[in-house]
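**Student:** Can you keep this structure in mind? I'll have questions shortly.
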2 protein chains.
Amino acid sequence: MAIPEHLSLTIPESNLPRIVIIGGGFGGLKLAKGLRKTKAQVVLLDRNNFHTFQPLLYQVATAGLEPDSIAGPLRQTFEGNPNYFFRMVKVTGINPGNNEIETTVGNLTYDYLVIACGSITNYFGNDDIKKRVLPLKRIVHALDLRSHILQNFEQAVLTQDKTKLQQMMNIIVVGGGPTGVEVCGALSELKKHILPRDYPDLDFSAMNIYLIEGTDRLLNGMSKASGDNSLKYMKKLGINVQLNTRVEGYENEVVQLSEGNIESSTVIWSAGVKGNIPGGIDASAIERSRLVVDEFNCVIGSNNVFAIGDVAMMKSEEYPNGHPMLAPVAMQQGVHLAKNFKKHFSGKARTPFKYFNKGSMATVGRNKAVVDMPGGFHVKGLLAWLIWMFIHILYLIGFRNKLIALNNWVWSYLTYDKGTRLIIRTFQRNKGKGS
Amino acid sequence: MAIPEHLSLTIPESNLPRIVIIGGGFGGLKLAKGLRKTKAQVVLLDRNNFHTFQPLLYQVATAGLEPDSIAGPLRQTFEGNPNYFFRMVKVTGINPGNNEIETTVGNLTYDYLVIACGSITNYFGNDDIKKRVLPLKRIVHALDLRSHILQNFEQAVLTQDKTKLQQMMNIIVVGGGPTGVEVCGALSELKKHILPRDYPDLDFSAMNIYLIEGTDRLLNGMSKASGDNSLKYMKKLGINVQLNTRVEGYENEVVQLSEGNIESSTVIWSAGVKGNIPGGIDASAIERSRLVVDEFNCVIGSNNVFAIGDVAMMKSEEYPNGHPMLAPVAMQQGVHLAKNFKKHFSGKARTPFKYFNKGSMATVGRNKAVVDMPGGFHVKGLLAWLIWMFIHILYLIGFRNKLIALNNWVWSYLTYDKGTRLIIRTFQRNKGKGS
């Protein structure tokens, strides 16, 4: 977006210390909420005016939920707080020496800076792949993916070319983490219940869904039991899972794998993420594309620049390479940092962050999910699916859209129907795609 | 969208007569549904894969409803009918001499053709205006408008330039028909209940909403009583209504009116529509940008090309210039034409179309609406609003999204909140805009 000259990033001066938060994701939002009664001026910056409930992006991409159901306006969080300011701007860099950030509409000084920029898709340096695959980290990605998948089938009914047809009927998902597994599950439900009704001209026995994973198991962040169970579910759903397989290239609708090729016009990239680090941070504070922070989430080498969530790497005995890049970590760090700010402002000693692992989960589809509970318990099947559903609806509360999501899910469950398989914007690959 | 060479518009040959319907709007959809048990091959073509509930577009544009709530997948209509074919293509022209239509993916022959292309925004030949204003005829328009309005306020908090600020705070709606009146009402609710909470930095007493109408009254298609009542409501809501005023130009954020100028960065164009006529039709069949049809909806000069809805002009004693361009007319013509096809195929005489006017209505906002009932009754206020709400929810049934719409409305009514004020796609004026 071209920014007209008359714009500038002006925040009223005050006697209060100014805390600038970059990013309104799970971490930034929790922090901002936690600072409500703190004697500080809070400035939240985000390139979007909404928070995204990322764990359900795959539902939008596969026509299960409407995009607005998993997004909530950020300004709502700030209502009634005279010392709170939201600005929809893109941060282009940080100048820690001057206590200043740079944005597309000008600079802004801070007393305290919190980097909560989350993570972006990791293409592992392969620009060709980046240009041609479909990521799934933002709402626009999910909408693009939904349009791409549906346009593909609309085009499939218009072709007599068997090679092209098969390319359109093959969908490749790269990366067997929660996103990859959940996308595959949702796609297999579309294949089974929705697409054959919508496209009676097509033979869906020829539709193949591939899940390509580089390591020897699925759901690496979860227990081995859950990884094994999800693999069983994937096979039951007819997903072609290829473990120990790397994607080496993607050109002319052919994916080159470490073993063999697959023709496909749809490659969904959920192979990994990396910290979304703004420019200007000293390289010594960066490790594995994340910002190294101490136990107070303070970026090493600084005393007023903090980082929370996916972008932060806090090493501990239990997590020598930092915490997993998950929403609960970001939320807990946001809550904790807010408390530490309060303590700091009232002259009390800050407390170190400790992650409370409430468990993790992934869903594969109707009645099929895996849950790792604290204490080493594993749950699978219908019970796991109900837990997954309950937790997600619980977290969507406050979004106000819980009713809509619930409606959609109940409807979808009872009727095997999905309501939002609409191509709202025609999507062209390699154009206008974010990272 | 660039169409690859391997695509073609192929429909299986059959012994049944082929009815090709262009457009899945109110008319085309009713016709397709009505033909379900007819011995014919039915081919529906639309550039979108969804039907749009156009009367509620203004709700999407003003963040009251989600886009998916007013759109329904077209393929669903066709499920289980082996002689039905939907193709998502753009029709580029008609060749009545060869009984053939031309599309972006090739040609298709027909035995019977029904043109149900609806209407497009009428800029009355002013290309400068067309480039700079915001229309409201399609879902993408509504999304663009929502993004534009919200981006405007996001930018307003970033400017210190008073002239620019006032341009951003002025919204001009051109055209005092139902769309213009409804948009103004929704904008005034945003101004009163939502925006001051979301943007505490801005002074909303400086936000002006103008409604510019060329004739001497509002709601020209309705009774004088309803026009007068809507004018009273507009004034009560603080809308600046200027009757007998023409828009002569729009340049450098200044709208030139027949009397005076207004600075504004947002001009919403609801000044009129015209028939969306495909190329290739003989000029003798076109009058006032609509296709002249006989009482059987057959385009004059043809015996197998029909037109229904907004694009059709059926002259009668009661409607010497054709029926009003409204959804009920299109729906009734669709239903009627389906019956006539059935009669025709079974050798019976066709019956002429007669429009049954069930009344018309427009809503201005919470508790404020006007309804013209058959028989010359006029209803206004809360009762009219309840009738409006009831009818719209009734018609949304079958869309399946009625529950979502109802949720949103109930929520919005109880809390004075609107949920979907999200800028999902950054919108730039003068780019990628349809007509």
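Every number here is computed from the coordinates shown, using simple stated rules; none is lab data. On a predicted model such as this, the values are computed, not experimentally measured, just so you know. Backbone-built Cβ (ideal geometry, glycine too); neighbour counts: all protein chains shown.
**Student:** Using the Karplus curve 6.51 cos²θ - 1.76 cosθ + 1.60 with θ = phi - 60°, what ³J(HN,Hα) values do you get for each residue of segment A:36-51, in whole Hz, with x for Gly and Pro?
**Tutor:** With coefficients 6.51, -1.76 and 1.60, one gets 3, 9, 8, 7, 8, 8, 10, 10, 9, 10, 8, 6, 10, 8, 9, 8 Hz.
**Student:** Then there is this: Would you please give the residues with an amide H less than 5 Å from that of A:Ser119, counting only those at least 5 places away or on a separate chain, with H modeled from the backbone geometry?
**Tutor:** Hits under the 5 Å cutoff: A:Asn276.
**Student:** Within segment A:332-370, what residues put their amide N at less than 11 Å from the label point 7 Å along the Cα-to-Cβ vector of A:Lys39?
**Tutor:** Only A:345-347 pass the distance filter.
**Student:** Sorted from largest down, give the three principal axis spans of the alpha carbons of segment B:92-251, whole angstrom values.
**Tutor:** Projected onto the principal axes, the Cα atoms of segment B:92-251 cover 63, 42, 29 Å.
**Student:** Take B:Ser205 and A:Ser8, extend 7 Å from each Cα along the Cα→Cβ direction, and tell me the distance between the two endpoints in nm.
**Tutor:** Inter-label distance under the simple model: 2.6 nm.
**Student:** List B:Asp203, A:Asp201 from most exposed to least, where exposure is judged by having the fewest other Cβ atoms within 10 Å.
**Tutor:** B:Asp203, A:Asp201
**Student:** Same structure again: For A:Glu5, what is the net charge nearby, where nearby means another residue's Cβ is under 11 Å from its Cβ and Lys, Arg count +1, Asp, Glu -1?
**Tutor:** Cβ neighbours under 11 Å give a net charge of 0.
**Student:** Counting DSSP beta bridges with both partners in the protein assembly as shown, what percentage is antiparallel, nearest 5?
**Tutor:** Taking every DSSP beta bridge with both residues in the protein assembly as shown, the antiparallel ones total about 50 percent.
**Student:** If you take every residue apart from B:Ala330 with its C-beta less than 12 Å away from the C-beta of B:Ala330, what net charge results, scoring Lys and Arg +1 and Asp and Glu -1?
**Tutor:** 0
**Student:** Would you mind working out the magnitude of the charge dipole of segment B:285-326 relative to its Cα centre, with +1 at each Lys and Arg C-beta and -1 at each Asp and Glu C-beta, to the nearest 20 Debye?
**Tutor:** Here the size comes out at about 160 debye.
**Student:** Related question: Can you tell me which aspartates and glutamates have their Cα less than 16 Å from the Cα of A:Lys342? Leave out same-chain residues fewer than eight positions away.
**Tutor:** Within reach: A:Asp111.
**Student:** For A:Ile391 paired with B:Ser284, estimate the spin-label separation in nm (one decimal), with each label point 7 Å from Cα along the Cα-to-Cβ line.
**Tutor:** Result for the modelled spin labels: 7.3 nm.
**Student:** At 15 angstrom or more along the helix axis (alpha-carbon based) and mean Kyte-Doolittle of 1.6 or higher, what helices does chain A contain? Whole DSSP H runs only.
**Tutor:** Helices meeting the span and hydropathy rule in chain A are A:381-396.
**Student:** Right, next: Could you list A:Ser147, A:Ser258, B:Ser69 in order of exposure, starting from the residue whose Cβ has the fewest other Cβ atoms within 10 Å?
**Tutor:** With the sparsest Cβ surroundings first, the list reads A:Ser258, A:Ser147, B:Ser69.
**Student:** Once you list every other residue whose beta carbon is under 14 Å from the beta carbon of B:Ser302, what net charge do they have if Lys and Arg are +1 and Asp and Glu are -1?
**Tutor:** Charge balance in the 14 Å sphere: -4.
**Student:** While we're here: Can you figure out the FRET efficiency of A:Glu317 with A:Thr163, using R₀ = 45 Å and their beta-carbon distance, to the nearest 0.05?
**Tutor:** Values: r = 55 Å, r/R0 = 1.22.
With a Förster radius of 45 Å, E is 0.25.
**Student:** Taking a ≥ b ≥ c as the square roots of the eigenvalues of the Cα gyration tensor of the protein assembly as shown, is the shape rounded (a/c under 1.5), prolate (a/b larger than b/c) or oblate?
**Tutor:** oblate
**Student:** Calculate one ³J(HN,Hα) per residue across segment A:249-265 by plugging θ = phi - 60° into the Karplus curve 6.51 cos²θ - 1.76 cosθ + 1.60, and present them in order as whole Hz with x for glycine and proline.
**Tutor:** x, 8, 8, 6, 6, 10, 8, 8, 9, 4, 10, x, 10, 9, 7, 6, 9
**Student:** Let me ask something additional. Say each of A:Lys343 and A:Asn15 gets a label point 7 Å from the Cα, pointing the same way as Cα to Cβ; how far apart are those two points in nm?
**Tutor:** Simple spin-label model gives 2.7 nm for this pair.
**Student:** At 7 angstrom along the Cα-to-beta-carbon line, where would the label on A:Gly238 sit relative to the other copies? Give the distances in nm, shortest first.
**Tutor:** So the distances to the same position in the other copies read 5.8 nm.
**Student:** Neighbour counts of other C-beta atoms within 10 Å: give me B:Ser223, B:Ser8, A:Ser270 arranged from fewest to most.
**Tutor:** Going from sparsest to densest Cβ surroundings: B:Ser8, B:Ser223, A:Ser270.
**Student:** For chain A, set up a Gaussian network in which alpha carbons nearer than 10 Å are linked by springs, and say which option among A:Ile262, A:Ile308, A:Ile70 fluctuates the most.
**Tutor:** A:Ile262
**Student:** Where a ≥ b ≥ c are the square roots of the eigenvalues of the C-alpha gyration tensor, would you call segment B:62-108 rounded, which needs a/c under 1.5, or, failing that, prolate if a/b is larger than b/c, or oblate?
**Tutor:** oblate
**Student:** 5 Å is the cut-off here: which amide hydrogens, built 1.01 Å from N in the peptide plane, fall below it relative to B:Leu44, excluding neighbours closer than 5 in sequence?
**Tutor:** B:Ile21, B:Phe85, B:Phe86, B:Arg87
**Student:** Further question on the same structure: Could you give the size of the charge dipole of the protein assembly as shown about its Cα centre, using +1 on the Cβ of each K and R and -1 on the Cβ of each D and E, expressed in debye and rounded to the nearest 20?
**Tutor:** Here the size comes out at about 2160 debye.
**Student:** Related question: Work out from phi, with θ = phi - 60° and the Karplus expression 6.51 cos²θ - 1.76 cosθ + 1.60, the ³J(HN,Hα) of each residue of segment A:92-105, listed in order in whole Hz, and give x for Gly and Pro.
**Tutor:** Result, ordered by residue: 9, x, 10, 10, x, x, 9, 6, 9, 10, 10, 10, 5, 10 Hz.
**Student:** Let me make sure I get this right: for segment B:213-287, a, b and c are the square roots of the gyration tensor eigenvalues over alpha carbons, sorted descending. Under 1.5 in a/c it's rounded, otherwise prolate if a/b > b/c, else oblate. Which is it? Write out the running numbers ahead of the final one.
**Tutor:** Values: a/c = 2.72, a/b = 1.36, b/c = 2.00.
Verdict is oblate for segment B:213-287.
**Student:** OK, next. Among DSSP bridges having both ends in segment B:202-313, what percentage is antiparallel? Round to the nearest 5.
**Tutor:** 70 percent
**Student:** Between segment A:1-80 and segment A:222-284, what is the C-alpha centre distance in whole Å?
**Tutor:** Centre-to-centre (Cα) distance: 30 Å.
**Student:** Just to be sure I understand: of the beta bridges DSSP finds with both ends in segment A:1-135, what percent are antiparallel, rounded to 5?
**Tutor:** 45 percent
**Student:** Regarding chain A, what whole-number volume in Å³ per residue does the convex hull of its Cα atoms give? Mind showing how you got there, number by number?
**Tutor:** Details: hull volume 65.1 nm³, N = 435.
With only Cα atoms used, chain A gives 150 Å³ per residue.
**Student:** Taking a threshold of 25 Å on the Cα-Cα distance, which of the pairs A:Lys224/A:Lys339; B:Lys33/B:Lys348; B:Lys315/B:Lys343; A:Lys30/A:Lys315; B:Lys274/B:Lys354; B:Lys90/B:Lys358 fall above it?
**Tutor:** Over 25 Å apart, Cα to Cα: A:Lys224/A:Lys339; B:Lys90/B:Lys358.
**Student:** Might you report the magnitude of the Cβ-based charge dipole of chain B about its Cα centre, with Lys and Arg at +1 and Asp and Glu at -1, to the nearest 20 debye? All intermediate terms of the calculation are to be shown ahead of the outcome.
**Tutor:** On the way: 49 positive and 36 negative charges, 254 e Å.
That gives chain B a dipole magnitude of about 1220 debye.
**Student:** For a quick size check, give me the Cα extents of segment B:1-62 along its three principal axes, largest first, whole Å.
**Tutor:** Extents along the principal axes, in whole Å: 49, 35, 11.
**Student:** Check which residues have an amide H placed less than 5 Å from A:Met313's amide H, if you skip close sequence neighbours.
**Tutor:** A:Leu291, A:Val292, A:Val293
**Student:** What's the FRET efficiency of A:Glu295 with B:Ile300 using the Cβ-Cβ distance as r and R₀ = 56 Å, to the nearest 0.05? Could you put the intermediate results ahead of the total?
**Tutor:** Working: r = 82 Å, r/R0 = 1.47.
The pair A:Glu295/B:Ile300 has a calculated efficiency of 0.10.
**Student:** Between B:Arg197 and B:Asn252, what FRET efficiency follows from the Cβ-Cβ distance if R0 is 41 Å, with the result rounded to 0.05?
**Tutor:** So the FRET efficiency works out to roughly 0.80.
**Student:** List the aspartates and glutamates whose Cα sits under 18 Å from the Cα of B:Lys368, skipping any in the same chain fewer than 8 residues away.
**Tutor:** Within reach: B:Glu182, B:Glu189, B:Asp228, B:Asp417.
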